[in-house]
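Since every read-out is calculated from the coordinates, none of them should be taken as a lab result. Predicted model only: the values in this text are computed from it and were never measured. We place every Cβ from the backbone using ideal geometry, glycine too, and count neighbours over all the protein chains shown.
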Number of protein chains: 2
Amino acid sequence: MSHLVTPTELRVLDATKTCCERWGIAKVTIDDIAAEAGVSRATLYRMFPGGKDVLFDALRVHELEDFFTRLSAHIHDTTDLEELLVRTVVYATVELRSDDHLALMLASEPGDTLGNLTVQGLPRIIRMASLFIAGKVEPYLDRANAQRLVDLLARLVISYFLAPSDHVDLGDERSARTFITTHILPTFVPPAVQPASTH
Amino acid sequence: MSHLVTPTELRVLDATKTCCERWGIAKVTIDDIAAEAGVSRATLYRMFPGGKDVLFDALRVHELEDFFTRLSAHIHDTTDLEELLVRTVVYATVELRSDDHLALMLASEPGDTLGNLTVQGLPRIIRMASLFIAGKVEPYLDRANAQRLVDLLARLVISYFLAPSDHVDLGDERSARTFITTHILPTFVPPAVQPASTH
DNA sequence: GACACTAAGACGATTTCCGTCTCACCGTCA
DNA sequence: TGACGGTGAGACGGAAATCGTCTTAGTGTC
């Protein structure tokens, strides 16, 4: 799932992570990261042309990929569509809320939490979640329906953090299952019963 | 014990503390603190002429005074010299090690702990500890002996954090008592038995 | 030796930060 | 009412940092 990342790039990303935890994203400088990674500033700019923005974007993507890799491992044995959706939503809800660093990376201030994310971070995580879930549910639905479902679920998960009181408790598996089976699944029509492709 | 601090000054000190915890002392700016305290920069400079250094000094003193106030309350019922020393050392050791913010204020980097204090912070805490302990043990000893004892004990407590393996476990009351009664007290001669003064 | 990659650091441009200053505002008290 | 002390907002010039690019020299590989 994860695209190619060289060891040095990984070291830089780890250093960025460390520096963010120490000083907050607003106070980190390129030199801090380079020093922490034991890398010269020139090397850092060679790896991430565009400077801080590109570097932070890369870190965000890297962190999200990590998250989706863990999520993938968590649902790899699921074949039923409903089960897949329920476990995805529950895992994403619980893990996202407990992943402090992910919150840090998506926020702009160290004090921010997933509960008061800036508007810049939200579309990104929704897009990433969509890409991930799309790959998992596509065999069960036609492309248009899958996209609708994906958007709906991703926004459902994310909006959970923004106004928890307005929504069902997605972290509870039973309520998540009830919500999905009664409100989401009935609106979609699977094009074929068997998920396994022929070729 | 604590000298006069106006409510606004206290608010500024609290804001400084908050900002330090958020960004680390190396990254905090005057404007950050002023904004956090809801105070203009002009007001801040009027209260603490000299800028950041004076402000941080004031905060350090304030934090240490807080600590010594708590310590004072902890040993207020002690009249025996040995008991006084033991409880002071044990309390100081345990509390100093668990007081993250004090460590933060004495360190120059947020990652620093009392275990790797910079050399600037150490003399300050030793001096403050000396002043405090001196006032407590002076009735029991003549002035010269008291000063020797104070220096020795203060350095003992502090050095505990610098190389724990080389020293007795001062956080354990029994070992602290043993160490004090066998190694420290015998070298001092009390000038008078009764601590109560006549006038 | 050619080559790719790197650390170290100089450089100018830009931005941030500092400390001081002015000015308007707002309560208090005579 | 008017003087007065304290405050917030913000302009200002200088100092310091940060940025992004660049050169140079060193290192390991083929």
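Taking the stretch B:37-52, which residues are in a helix (DSSP H, G or I) and either of a type outside the set (D, E, K, R) or more than 23 Å from A:VAL28 (Cα to Cα) (or both)?
Scanning the stretch B:37-52 gives B:ALA37, B:ARG41, B:ALA42, B:THR43, B:LEU44, B:TYR45, B:ARG46, B:MET47.
Give me the pairs: first residue in the stretch B:32-57 and closer than 21 Å to A:TRP23 by Cα, second residue of a type in the set (Gly, Ala, Ser), beta-carbon distance under 7 Å, and six or more apart or on different chains, which are they?
B:ILE33/B:ALA15; B:ALA34/B:SER40; B:GLU36/B:ALA15; B:ALA37/B:ALA15
Within the stretch B:18-36, is even one residue farther than 21 Å from B:ILE133 by Cα, away from chain A (no Cβ under 14 Å) and part of a helix (DSSP H, G or I)?
yes
Against the conditions (1) within 15 Å of DNA strand D (Cβ to nearest atom); (2) among the acidic types (Asp, Glu); (3) over 18 Å from the mean Cα position of the chain (by Cα); (4) more than 14 Å from chain B (Cβ to nearest Cβ), where does A:ASP57 fall short? Just the number, please.
Failed condition: (3).
For the stretch B:37-49, give me each residue that is near DNA strand C (Cβ under 7 Å from one of its atoms) and either in contact with an Asp or Glu (Cβ under 9 Å, 6 or more places away or on another chain) or within 14 Å of chain A (Cβ to nearest Cβ) (or both).
B:ARG41
Right, B:VAL39: within 16 Å of DNA strand D (Cβ to nearest atom) and β-branched (Val, Ile, Thr) or not?
It is true that B:VAL39 is within 16 Å of DNA strand D (Cβ to nearest atom) and β-branched (Val, Ile, Thr).
From B:LEU10, B:LEU59, B:LEU71, B:LEU55, which residue is assigned to a helix (DSSP H, G or I) and surrounded by fewer than 17 Cβ atoms within 10 Å (Cβ to Cβ)?
The conditions single out B:LEU10.
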